[in-house]
Every structure is written in structure tokens, then in C-alpha cells.
Amino acid sequence: MKYLPVPIFFSAFLYCMNASFAQTCCSGGVPLSSNLGLPPESGKTLQLNFNYDLNVLQTLKTGTSELDDDSRTRSTHSALFQAGYSFSERFAVDGLFSWVRQERRIRQFGNEDFTATNGIGDAVFLFKYKLFSTPQNQTVVTGALGVKAPVGASGLRRNDGLAINADLQPGSGAWDGIGWAQAVHSPGFRQSMSISGTAVYGLKGKNTDYLGGQTYQFGNELQLTAAVADRLFIGKILIDPSISLRFRHVRPDRFNEEKVPSTGGKWLFLSPALSYWFSPNHALNARMEVPLFADITGTQVTPTYRINIGFFAKISFNKKQPLVF
């Protein structure tokens, strides 16, 4: 019988104890995938999007059953900056950058354990190409490939020197591959309305320097979103209300190629949103997201609600159109 070297065995033991105590949750990280993809634009157009995203996890579940236990809570505060430039009618590039603070609070037997991390998160780069469009762009289909670059820290420790779980780190420590596709249709009976469907798949890479030489890999992730939006004038006020359904399926994480307990699951979210256009090229955005269904692997703290607010701007460098700042 072969035995693990003492340092490796101790690191694995410490990680498993910490993950079990914290109720690891793969829904508490930085919301990069769900914020990907700026709207289609004409050539030579720059789009900027600044967002604050709060994800609150106060619901403890096993499978589909909610547990009467409020001793564990999680929250993720993310500052997101997204920039996209359309080189032509067909080709565009998006970049998404983040700063994140993650918090975990555990109250048991009259004691409280609080852990927080903050710092620059990982970055995403997406290369988009318009695959199909009808005259007047009534229907547009766009595909994209991209990568998530591990620019965020993934090895932070507590003040007492104890290791911090991978899902509480600002970064993942691994390169990921991303596939993205979107179809947008404006129905003939109402040109101001749009119906869209978006698919995002994240192929997760391995962090081979986790806990001093161990391997950690987040589970591959699929997200499907269906949305309906419209444009309304209320007096002189221009607003874009929308509502969407988002399905998220995450495979279990792996630690040294073994599945990590209480990671992965399936979720369905409902998200109403509103954009207020205070000029033709500038808008304030607000969105709320609540879970309609969750089927959790093992026992996890799962999302209770999420709030996203932000500012959007676009600048045209097309000589046929005036520059608007």
C-alpha cells in the first residue's frame, strides 16, 4: 500500500475539513459568465459598461429541499467594467474586467467565523462574429469564442494563516475556454421589441498551484438565457423594460481529479430589468434576479437574490455619424 507524503496528506485533510465546515457553493463567485456579451452595434462603435453586482446567498439547501438553517451566509460584491469595440458590422471584441470582495459568515454554537477576500478578479476576452442577419437586422445571430485569463489572486490566506477555499478567492488560477452565442429577433408587429436567446459554455481549466502544488478545477458551466425587451416612451422619458429566464448547470468541482462534495447543481432564475436612457447614447441600468428553482448537489448555501446596477455608454467613431460623449 502506498502512502501520500505527509505535506500533501495534511493539505488535503485541511482542505476537506474547511470545505465541509463552509458548505462550499459554486454559485458564490464572480458573475463573469452571466454578464458577457454587449449588444450588437454598427461598425466603429465603442461600448462601455460599468456595473456593481451584489450576489447574496442565505438559503441552505440539500438537493431541492430548503433547510431551516440560517447559520451560514455568503455574499459577493463585484465591480465590473466591460468594454467592447465593433471593428465592422460583423466583427467585434469585448473585454470584461472585475474587482471582487467575497464574504462568508458562519454562526455555530454561539461563535462566529467571518472570512473575507478582496482584490482584482479574473478577466474575460471575447471575440464576436455576426454569423447571420436579415435585411434591416430584424434577426441577428452572433457567435463568439473567448478566454478567461487568471489575473486574480487564487492563493490568499486568512490572517491566521489558514487556507481559504477556492470559491472564496478573487481569481480561479486557471485559464478557461468560453463559447458564446446569441440570437436576437425584432417581431414585425412591434419593431421596438426584441426577443433574444443566449448560450454560454465555460470549459474550466486547472489551477495546478492550489494549496502549494495541488490541483483544483471548477466544474464546467452551461448557461441558457431567454429574454424579452421593449422600448417605451413615458412622456419624454425613454425606458427599456425587460424580463429574462436564466438556466445554469454547473458540474462538480474537482480537487486532485476527485469530485469535491457539495459543489455543482442546476438553477433557474427570473430577472426583471429596467434601463433609463437619459440621452441617445447613455443609460442607467438596474436588474434584480431571484431563483425560481434549484437542484443542489449535496448541501450548499445557494443564491437568495442578486442586484445589479450600472451605467452604459456608446461612442460612434463612424464619420457618417456625429461623435456623442
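The values are calculated or read from the model by the stated rules, or taken from the named source; none is laboratory data. As the structure is a computational prediction, the values presented were derived from the model and not from experiment. In this analysis, Cβ positions are derived from the backbone assuming ideal geometry, glycine residues included, and neighbour counts consider all displayed protein chains.
Within the range 65-80, being assigned to a strand (DSSP E or B), touching a strand residue (DSSP E or B) at 6+ places or on another chain (Cβ under 8 Å) and surrounded by fewer than 19 Cβ atoms within 10 Å (Cβ to Cβ) holds for Glu66, Thr73, Ser75, His77, Ala79.
A single member of Thr198, Thr215 is part of a strand (DSSP E or B) and farther than 25 Å from Ala183 by Cα, and it is Thr215.
Which members of the range 30-64 meet the condition of being among the small types (Gly, Ala, Ser) and either at pLDDT below 80 or assigned to a strand (DSSP E or B) (or both)? Within the range 30-64, Ser33, Ser34, Gly37, Ser42 qualify.
What residue, of Thr225, Thr142, is more than 18 Å from the chain's Cα centre (by Cα) and assigned to a strand (DSSP E or B)? Show your work before the answer.
Details: Thr225 fails: more than 18 Å from the chain's Cα centre (by Cα).
Going through Thr225, Thr142 in turn, just one is more than 18 Å from the chain's Cα centre (by Cα) and assigned to a strand (DSSP E or B): Thr142.
Checked against (1) at negative phi; (2) among the small types (Gly, Ala, Ser); (3) assigned to a loop (DSSP other than H, G, I, E, B), Ser242 meets all criteria but (3). Taking Ala83, is it touching a helix residue (DSSP H, G or I) at 6+ places or on another chain (Cβ under 9 Å) and either loosely packed, with under 14 Cβ neighbours inside 10 Å or among the small types (Gly, Ala, Ser) (or both)? For Ala83, the condition - touching a helix residue (DSSP H, G or I) at 6+ places or on another chain (Cβ under 9 Å) and either loosely packed, with under 14 Cβ neighbours inside 10 Å or among the small types (Gly, Ala, Ser) (or both) - is not met.
Does Val100 meet the test of being closer than 27 Å to Thr215 by Cα, in contact with a strand residue (DSSP E or B) (Cβ under 9 Å, 6 or more places away or on another chain) and modelled with pLDDT of 95 or more?
Considered against the rule, which asks whether it is closer than 27 Å to Thr215 by Cα, in contact with a strand residue (DSSP E or B) (Cβ under 9 Å, 6 or more places away or on another chain) and modelled with pLDDT of 95 or more, Val100 comes out as yes.
Taking the criterion of being buried (at least 18 other Cβ atoms within 10 Å of the Cβ) and of a type in the set (S, T, N, Q), the residues of the range 257-284 that qualify are Ser262, Thr263, Ser271, Ser275.
Residues of the range 167-195 that are assigned to a strand (DSSP E or B) and buried (at least 19 other Cβ atoms within 10 Å of the Cβ): Asp176, Ile178, Trp180, Gln182, Val184, Ser194. Contact map, the range 88-115: residues that are in a strand (DSSP E or B) paired with residues that are of a type in the set (Phe, Trp, Tyr), Cβ distance under 6 Å, separation 6+ or inter-chain. Pairs shown: Phe91/Tyr129; Val93/Tyr85; Val93/Phe127; Gly95/Phe125; Phe97/Phe81; Arg105/Phe114. Listed conditions (1) free of Cβ contacts under 8 Å to residues at least 40 places away in the same chain; (2) within 24 Å of Leu245 (Cβ to Cβ); (3) among the small types (Gly, Ala, Ser) are all met by Ala181, apart from (1). With respect to the conditions (1) more than 17 Å from Leu36 (Cα to Cα); (2) of a type outside the set (Phe, Trp, Tyr); (3) assigned to a strand (DSSP E or B), Gly161 lacks only one, and its number is (3). If you check Lys206, Lys148 for being within 25 Å of Ala116 (Cα to Cα), at pLDDT 95 or above and out of contact with any Gly (no Cβ under 8 Å at 6 or more places or on another chain), only one passes: Lys206. Among the residues of the range 203-215, some residue qualifies, meaning at least one is more than 19 Å from the chain's Cα centre (by Cα) and among the aromatic types (Phe, Trp, Tyr). If only residues of the range 267-296 that are of a type in the set (Ser, Thr, Tyr), farther than 19 Å from Ser78 by Cβ and modelled with pLDDT of 95 or more are counted, the one that is nearest to the chain's Cα centre (by Cα) is Ser275. Every condition in (1) more than 21 Å from Gln47 (Cα to Cα); (2) in a strand (DSSP E or B) is met by Leu126 except one, and the failing one is (1).
Each residue in the range 44-72 was checked for being β-branched (Val, Ile, Thr) and closer than 21 Å to Leu96 by Cβ, and 1 pass.
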